[in-house]
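In what follows, a single structure is set out as structure tokens and then discussed.
The values are calculated or read from the model by the stated rules, or taken from the named source; none is laboratory data. Keep in mind the model is a prediction, meaning the values are calculated, not measured. All Cβ positions, glycine included, derive from the backbone under ideal geometry; neighbour counts span all protein chains shown.
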DNA sequence: TGTCAGTAGATGCAAAAGCATGTAAACTGA
DNA sequence: TCAGTTTACATGCTTTTGCATCTACTGACA
């Protein structure tokens, strides 16, 4: 009765998820203490990071919200604060007058890059000893596939 | 110059991490909306879950804190609230009069199990279509290995 | 045995988060 | 074209979080 591509058991999926989740916690706990996040909270950096990866530069607020774990009102106010710090700029969307688009300012982009460079290095020092090149690639393959395959319900 | 077990490239580790992280965000965002977390916030459930997995039943506060992303004062107060709700109980540690040990109450254990049962099922519905049994096992293997291999610095 | 650095957790206070709701624009379908 | 619904974001208010600091206890060593 064994299939090559069997449906996963409940136990298997939940154990894999728990392991992934605990790993994320372990890494994040260490990351929080790194010096690069004294300047800017990790959640705020995450916003800048997301903005830096947007091809046009401008992103809709609701779209950005989907990539983050915070609520819509919280993001709204976080953007307000980031704007006050001069790190992002906002404008109303052309096609939809309800919408807001935001983008990094020059200063914001510079800060993101500054933190990003250091951070990638620290991350590498932290993680690299744990797995081989090939294993990291497998991990990425699996998490990419998992993320894109999640059922939306 | 190619090794079988080559040291990972910076790019490989950071891309794998980002993929893992984004996957975690995607799953958590969907989880937050599930009905089982109307009763109890996810972070609070996480505390109950951790307690339910402790072999002796009692856990030191600082030990518990290591498994969570919140700060020590926040945990301190969260436990206070959980105690007020009758879900956990606390006592001073025998060997170390500074320390606090906490454990689930009967009510807390019951609630954890109730939420847990439903939650595991929802999680399975959400994730199972994305990967095969074998792939979930690989994913767990890799995340376990990554978590235990993180350099502490 | 007394001092002193280190650790565990609590607490005052300010910042940030979430929930419920408000406002305004966009869609929908008679 | 216009009532009714939905969507995007803002805002009032409460709860939760974090930082800095405090207190109490421990453990090391002179």
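Kindly list the number of the only condition in (1) exposed (fewer than 15 other Cβ atoms within 10 Å of the Cβ); (2) closer than 30 Å to residue A:147 by Cα that fails for residue B:31.
Of the numbered conditions (1) exposed (fewer than 15 other Cβ atoms within 10 Å of the Cβ); (2) closer than 30 Å to residue A:147 by Cα, the odd one out for residue B:31 is (1).
Would you mind listing the helices (runs of 4 or more DSSP H) fully within the stretch A:39-121 where at least 3 residues are closer than 22 Å to residue B:19 by Cα? First the steps, then the outcome.
Numbers: elements: A:42-52, A:61-66, A:72-84.
It comes to A:42-52, A:61-66.
Conditions tested, residue by residue: (1) over 14 Å from residue A:21 (Cα atoms); (2) modelled with pLDDT of 95 or more; (3) assigned to a helix (DSSP H, G or I).
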| residue | (1), (2), (3) |
| --- | --- |
| B:7 | yes, no, no |
| B:14 | yes, yes, yes |
| B:17 | no, yes, yes |
| B:20 | no, yes, yes |
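Are there any pairs with C-beta distances below 7 angstrom linking a residue in the stretch B:78-91 that is away from chain A (no Cβ under 14 Å) and more than 13 Å from residue B:57 (Cβ to Cβ) to a residue that is near DNA strand C (Cβ under 10 Å from one of its atoms) and in a strand (DSSP E or B), with the two at least 6 apart or on different chains, and if so which?
B:79/B:90; B:79/B:102; B:83/B:90
Within the stretch B:69-76, does at least one residue satisfy the condition of being away from chain A (no Cβ under 13 Å), touching a strand residue (DSSP E or B) at 6+ places or on another chain (Cβ under 9 Å) and within 13 Å of DNA strand D (Cβ to nearest atom)?
Within the stretch B:69-76 (the criterion being away from chain A (no Cβ under 13 Å), touching a strand residue (DSSP E or B) at 6+ places or on another chain (Cβ under 9 Å) and within 13 Å of DNA strand D (Cβ to nearest atom)), the answer is yes, since at least one residue qualifies.
Residue by residue, here is whether (1) within 10 Å of DNA strand C (Cβ to nearest atom); (2) surrounded by 11 or more Cβ atoms within 10 Å (Cβ to Cβ); (3) modelled with pLDDT of 95 or more holds:
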site: A:62; (1), (2), (3): no, yes, yes
site: A:70; (1), (2), (3): yes, yes, yes
site: A:73; (1), (2), (3): yes, no, yes
site: A:78; (1), (2), (3): yes, yes, yes
site: A:81; (1), (2), (3): yes, yes, yes
site: A:97; (1), (2), (3): yes, no, no
site: A:101; (1), (2), (3): no, yes, yes
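Output the qualifying pairs, or none if there are none: Cβ atoms under 6 angstrom, residues six or more apart or on different chains, first residue in the stretch A:94-119 and over 27 Å from residue B:11 (Cβ atoms) and free of Cβ contacts under 8 Å to residues at least 12 places away in the same chain, second residue assigned to a helix (DSSP H, G or I) and more than 16 Å from DNA strand C (Cβ to nearest atom).
Partner pairs satisfying both residue conditions: none exist.
Give the number of residues within the stretch A:1-32 that are more than 9 Å from every other protein chain (Cβ to nearest Cβ) and farther than 23 Å from residue A:71 by Cα.
Matching residues across the stretch A:1-32 total 2.
Counting only residues that are within 7 Å of chain B (Cβ to nearest Cβ) and surrounded by fewer than 20 Cβ atoms within 10 Å (Cβ to Cβ), how many does the stretch A:142-152 have? Give the steps one after another, and end with the answer.
As a first pass, look at the stretch A:142-152 and keep what is within 7 Å of chain B (Cβ to nearest Cβ): A:142-147, A:149-151.
Pick out the ones that are also surrounded by fewer than 20 Cβ atoms within 10 Å (Cβ to Cβ) and you get A:144-145, A:147, A:149-151.
Within the stretch A:142-152, residues that are within 7 Å of chain B (Cβ to nearest Cβ) and surrounded by fewer than 20 Cβ atoms within 10 Å (Cβ to Cβ) number 6.
Looking at (1) more than 24 Å from residue A:130 (Cβ to Cβ); (2) surrounded by 15 or more Cβ atoms within 10 Å (Cβ to Cβ); (3) touching a residue at least 60 places away in the same chain (Cβ under 8 Å), which one does residue B:39 not meet, given that it meets all the others?
(2)
Can you go through A:111, A:127, A:131 and tell me which one is within 18 Å of the chain's Cα centre (by Cα) and facing chain B (nearest Cβ under 7 Å)? Show your work before the answer.
On the way: A:111 fails: facing chain B (nearest Cβ under 7 Å); A:131 fails: within 18 Å of the chain's Cα centre (by Cα).
Exactly one residue qualifies, and that residue is A:127.
If you check residue B:139 against the conditions, is it at pLDDT 95 or above and either under 30 Å from residue A:137 (Cβ atoms) or more than 14 Å from chain A (Cβ to nearest Cβ) (or both)?
Working: at pLDDT 95 or above: yes; either under 30 Å from residue A:137 (Cβ atoms) or more than 14 Å from chain A (Cβ to nearest Cβ) (or both): yes.
The answer is yes for residue B:139.
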